[in-house]
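Below: the structure, in structure tokens.
The values are calculated or read from the model by the stated rules, or taken from the named source; none is laboratory data. Here the structure is a predicted model, which means the values were calculated and not measured. FYI the Cβ positions are ideal-geometry reconstructions off the backbone, even for glycines, and counts take in every protein chain you see. Just so you know, the surface numbers come from the protein's heavy atoms only, side chains and all, with ligands and any DNA or RNA stripped out. Shrake-Rupley method; radii C 1.70, N 1.55, O 1.52, S 1.80 Å.
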Amino acid sequence: MLLTTAAERRVVFVGGKGGVGKTSVASALALMQARAGRRVLLVSTDPAHNLGHLWQCDVGPSARALAPNLDAIELDPQATVAAHLEQVGDALRRLMPAHLAGEVDKHLSLSQDAPGMHEAALLERIAELVHDGLDRYALIVFDTAPSGHTARLMALPEMLSAWTEGLLQRQSRSERFGTALRNLGRDDGIGARALGGQAQAATPADRDQAIRSLLHRRRHRFEHLRRTLANPVTMAFFIVLAAERLPVLETIELHAQLARAGIDVAGLVVNKRSPADAGAFLAERHAQEAVHLQTLRTALPDPPLQQLPLLASDVVGIDALAAFGALLGCPHEMA
Ligand SMILES: Nc1ncnc2c1ncn2[C@@H]1O[C@H](COP(=O)(O)OP(=O)(O)O)[C@@H](O)[C@H]1O
Ligand SMILES: [Mg+2]
């Protein structure tokens, strides 16, 4: 199920609780698709990175090759926020007069820990990767952070798009106001004050144009991301879980949160399923898991479900990933 669905999509998100096997599934999926001849970009947005451990090499913020046709990136939220604020700071300093540079710095350092800042910066980077990456890659696979974080992220494009739209409207009003004042021959930069400071560094017209184009580019990216995420033809979201009580409940909750954000769940991946035929102890676990799966299926009867067996050893290195990947194509239904 996983492989056949992913083969038809351009963007795949793998989400779920920590430790359930998101990175293993995302990596194996990416590897199988790369081996099938598609150019694939694998992106981890989880602060608890383990692409590097799994692939036994260093993965960082810029794309590096893991295998033929397969590149990978690890986005570090802290570094992403810093880069994002630096970019915003550059734009602000360019647009604001020199004597306000100190204010800009103060504002930015306070922003570092503002609520939602990590998500916003991460989303901006995801939007950029999806926007630019789809020109170069046939498939982008996101290995995401544990549930709550991802669901908030998925609801953000809508919010940020609306927010940017609001700014644009304000900007356009202050631009009109500025023009009216200029026509009266007494432009004193009041339009700039509406945006947080007086403009001297650039002419008001230059400044307005620069801010507009910045906001336009941003809105365009968020809208592109939102369209991509909400389009089940291009995008698939897989939830990985273990057949245990809490992961099942969290999966049901994540599914509801995603539905509220307009995102369809393309599949449920029940990983580390205990074998029924390897002794009495594991058989009992298997039966217990079946009860939890029943709860899952009662709440979420529709998404395709795939089970993956508990393996004797960790999924580490390209050979183990390929072997794990071979299981992703198998049709496993409910036991
Ligand atoms: N089917 C499986 N059988 C046995 N171990 C697994 C299986 N899937 C994943 N693992 C192991 O479980 C651990 C957590 O997997 P990982 O993919 O890093 O989870 P996540 O990204 O969701 O935190 C890793 O050590 C991985 O090798
Ligand atoms: Mg992981």
| request: Starting from the amide H of F13, placed 1.01 Å from N in the peptide plane, find each other amide H under 5 Å away whose residue is 5 or more places distant or on another chain. | output: F142, A236, F237, F238
| Under the Karplus curve 6.51 cos²θ - 1.76 cosθ + 1.60, θ = phi - 60°, whole-Hz ³J(HN,Hα) for the range 19-30, x wherever Gly or Pro sits | x, 7, x, 4, 5, 5, 5, 4, 5, 5, 4, 4
| field | Karplus-derived 3J(HN,Hα), 6.51/-1.76/1.60, for each residue of the range 262-279, Hz, glycine and proline x | value | x, 10, 8, 8, 7, x, 10, 10, 8, 9, 6, 6, 5, x, 8, 10, 10, x
| task | Can you tell me the order of 74-81, 130-137, 5-12 when each peptide is scored by its average per-residue count of other Cβ atoms within 10 angstrom, highest first? | result | 5-12, 74-81, 130-137
| field | Fraction of antiparallel bridges per DSSP, the chain only, in percent to nearest 5 | value | 10
| request: Give the long-range amide H neighbours of V269: residues separated by 5 or more places, or on another chain, with amide H under 5 Å away, using H modelled in the peptide plane at 1.01 Å from N. | output: I239, V240, L241, Q306
| message | Helix-only estimate, please: 222 nm mean residue ellipticity of the chain, summing -39500 (n - 2.57) across DSSP H runs of length 4 or more and dividing by its residues, to the nearest 500. | response | -19000 deg cm²/dmol
| task | Work out the length of the dipole vector of the range 225-335 about its Cα centre, built from +1 on the beta-carbon of each Lys and Arg and -1 on the beta-carbon of each Asp and Glu, and round it to the nearest 20 debye. | result | 360
| task | Whole Å is fine, so just give me how far the alpha carbon centre of the range 271-324 lies from that of the range 11-38. | result | 17
| query | Over all directions, what mean area does the Cα convex hull of the chain project, stated in square nanometres? | reply | 18.3
| field | Options A278, V233, A256, ranked by Cα towards positive dipole end of the chain, top entry (Cβ charges) | value | V233
| request: Quick one: dipole size for the chain, taken about the Cα centre, charges +1 on Lys/Arg Cβ and -1 on Asp/Glu Cβ, in debye to the nearest 20. | output: 940
| request: Considering the options M117, P77, T298, tell which one lies farthest towards the positive end of the dipole of the chain, charges being +1 on Lys and Arg and -1 on Asp and Glu at the Cβ, about the Cα centre. | output: M117
| note | Charge tally for neighbours of L282 with beta carbon under 13 Å away, counting Lys, Arg as +1 and Asp, Glu as -1, is 0
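Given +1 on the Cβ of Lys and Arg, -1 on the Cβ of Asp and Glu, and no further charges, what dipole in debye does the range 1-127 carry about its Cα centre, rounded to the nearest 20?
Using only the charged Cβ atoms, the result is roughly 580 debye.
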| said: Output wanted: per-residue J couplings in Hz (rounded whole) for the range 54-70, from phi through Karplus 6.51 cos²θ - 1.76 cosθ + 1.60, θ = phi - 60°, x for Gly and Pro. | reply: 5, 8, 6, 7, 7, 10, x, x, 10, 4, 10, 6, 9, 7, x, 6, 10
| request: Give the peptides 284-291, 266-273 in descending order of average Cβ contacts within 10 Å, highest first. | output: 266-273, 284-291
| Mean separation of Cα contacts under 8 Å (6+ apart) over length of the chain, as relative contact order % | 26
| Dipole of the chain, positive direction: furthest Cα of H216, I126, G89, with charges on the beta-carbon | H216
| Total formal charge among the other residues, if their Cβ is under 13 angstrom from that of A83, Lys/Arg +1 and Asp/Glu -1 | -4
| note | Bridge orientation stat for the range 1-90 from DSSP, antiparallel percent rounded to 5, came to 40
| message | Please list, ordered by chain and number, the residues whose modelled amide H lies under 5 Å from the amide H of V20; skip anything fewer than 5 residues away on the same chain. | response | none
| said: Leaving out ligands, DNA and RNA, and with a 1.4 Å probe, what % of the accessible surface on the chain is carbon or sulfur? | reply: 55
| field | Formal net charge of residues neighbouring K272 (Cβ-Cβ distance under 15 Å; K, R +1; D, E -1) | value | +2
